[in-house]
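Written below as structure tokens is the structure these notes are about.
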Amino acid sequence: MQYHEIYKLMKETYDMEGSVSVNETLGITIRHQNFETIGAQGVLSGCERLYCKDHHTEYADTLVKKYNSCDTILDVPDFYIKENLNYRISIIQNTSDQPAKGTILLFHGLNEKKWDKYLPWAYELAKSTNKAVLLFPITFHMDRAPEDWSNRSLMYQVAQERAQNIAKNSDSSYVNAAISSRMESHPQRLFWSGLQSYYDIKGIVNELKKGTFPSIEADGTLDIFGYSIGSFLAMILMMSNPKGIFSNSKMFCFCGGMTIDRMFPISKYIMDARAAIVMQKCFAELLTTNFASDIRLEHYQNAQEHPNESWFKTMLRYNHFQKERETCLKSLEGKIKAYVLEDDVVAPPIEALNTLKGGYRNIDIDVEIDHYDFPYSHMVPFPLTTKNGDLITEGFQRTMKSASDFFGKS
């Protein structure tokens, strides 16, 4: 069966109404379950109070309004975005009377609104490993984002303003208008939204270990498949390892694995040039001044106060906290593997090598570099075309085999 055929069948199954759907042809069952966030209160701008519960410290809300128009669409305190406070996870696994003996958390890329392209990936991982694949939506992504942010007409207006009113801006589009505007306005959202996801993921893992999901064994293995920015989140989880929940886990980075400054997200599908430049400049200044201008972020990036959350700062810029990052990665040898693509200009393979193998190449983390024999990109590694269908299917299967062999079969 070719890749585009698997895609079609998986999407049809995923879109079925109800909490459980089965595709007998593929031998796959998809379960959906709703959750309420545990990570927003005290973290996101606009909540009752910004508060560190670990140190009983309260902070002023410093988010400043910077939008010129479309206020009701984008200029909303993050905590007021109700779609983000409740989210749905989906579990894809082989149809069986027996619960899965392991789980793979799958994290998507930046500025994603639909799970469609990941459904064949989850299918192949589930079939190859016999583990359950749990699709986790990162904060303000997938259905955790307002529909207005994907509204072509509304976002086209925002994109036009960004293209016309911002000097030397490029790659502005209705697809990236919302995230570009929000990230330019407050780049620290990268951390605060990530922190919400970090807390929500810990909550999901706790539910797994409590046996909340009948189709998954409570004491089963737990691994992570991270794509693009999902690899960035996954690496921080592996490095921080809160309460040891990932001590026995493996992480597979697809099109990722580098520090955020060595990724180049300027694309009509990801982020426009102005937003990317402002974000990089903001974090460069914060790191250079030890977060002097942002006391709340400085608190969470203090390794003594927040030994887990503070790993975020080590993944921002390659030349900052390099020794600490590489010492930690050295301890994770055998637990991380990266699979990067030769023609990927967003996540260049050389940067995965630099980060994961270290500046002196003394870290034994496997970085596999591949090149497909068909046109591909970071955003679309596996095109949905019948042309080159056999080559696309072979490249897809080769990639997922690398991941499933690394994870092992349950």
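Looking at segment 64-181, what strands (runs of 3 or more DSSP E) fall wholly within it and have at least 2 residues that are surrounded by fewer than 18 Cβ atoms within 10 Å (Cβ to Cβ)?
Those strands (runs of 3 or more DSSP E) span 86-94.
Got a sec? Which of MET142, MET155 is at positive phi and not polar (S, T, N, Q)?
Step by step, each of MET142, MET155 is checked, and only MET142 is at positive phi and not polar (S, T, N, Q).
Tell me, yes or no, whether segment 390-409 has at least one residue that is at pLDDT 95 or above, basic (Lys, Arg), assigned to a loop (DSSP other than H, G, I, E, B) and over 20 Å from SER228 (Cα atoms).
The answer is no; no qualifying residue exists.
Looking at TYR300 and the list (1) touching a helix residue (DSSP H, G or I) at 6+ places or on another chain (Cβ under 7 Å); (2) under 18 Å from ILE179 (Cβ atoms); (3) surrounded by 19 or more Cβ atoms within 10 Å (Cβ to Cβ), which single condition is not satisfied?
For TYR300, the failing item is (2).
Regarding GLY27, is this residue on the phi > 0 side of the Ramachandran plot, surrounded by fewer than 19 Cβ atoms within 10 Å (Cβ to Cβ) and either modelled with pLDDT of 95 or more or among the hydroxyl-bearing types (Ser, Thr, Tyr) (or both)?
yes
Of everything in segment 196-230 that's hydroxyl-bearing (Ser, Thr, Tyr) and under 25 Å from GLN41 (Cβ atoms), which residue is surrounded by the fewest Cβ atoms within 10 Å (Cβ to Cβ)?
Looking at the filtered set, the residue picked out is THR212.
With respect to PHE225, is the statement that it is outside any helix (DSSP H, G or I), out of contact with any Phe, Trp or Tyr (no Cβ under 9 Å at 6 or more places or on another chain) and closer than 30 Å to MET155 by Cβ true?
Judged against the criteria, PHE225 is not a match.
Please determine whether any residue of segment 366-375 is farther than 26 Å from TYR3 by Cα, not in a helix (DSSP H, G or I) and not small (Gly, Ala, Ser).
Yes: segment 366-375 contains one or more residues that are farther than 26 Å from TYR3 by Cα, not in a helix (DSSP H, G or I) and not small (Gly, Ala, Ser).
Cβ-Cβ distance below 6 Å, separation of 6 or more or different chains: which pairs start in segment 223-235 with a residue that is polar (S, T, N, Q) and end on one that is at pLDDT 95 or above?
Short answer, once both residue conditions are applied: SER228/GLY109; SER228/CYS255; SER228/GLY256; SER231/CYS253; SER231/GLY256; SER231/GLY257.
Quick check on my filter: what residues within segment 319-336 are closer than 11 Å to LYS250 by Cβ and either part of a loop (DSSP other than H, G, I, E, B) or over 22 Å from the mean Cα position of the chain (by Cα) (or both)?
Matches in segment 319-336: LEU332, GLY334, LYS335.
I'd like to check something: does segment 348-361 contain any residue that is acidic (Asp, Glu), assigned to a helix (DSSP H, G or I) and more than 17 Å from PHE254 (Cβ to Cβ)?
No: zero hits.
Just to check your reading of the model, which residue among TYR372, TYR339 is surrounded by 13 or more Cβ atoms within 10 Å (Cβ to Cβ), under 20 Å from the mean Cα position of the chain (by Cα) and within 18 Å of LYS117 (Cα to Cα)?
After applying the criteria, what remains is TYR339.
Restricting the first residue to segment 277-306 and requiring it to be on the phi > 0 side of the Ramachandran plot, which pairs with a second residue that is crowded, with 18+ Cβ neighbours inside 10 Å and of a type in the set (A, V, I, L, M) meet a Cβ separation below 8 Å and a spacing of at least six or different chains?
Correct list of pairs: PHE291/LEU297.
The values are calculated or read from the model by the stated rules, or taken from the named source; none is laboratory data. As the structure is a prediction and not an experimental result, all values here were calculated from the model. In this analysis, Cβ positions are derived from the backbone assuming ideal geometry, glycine residues included, and neighbour counts consider all displayed protein chains.
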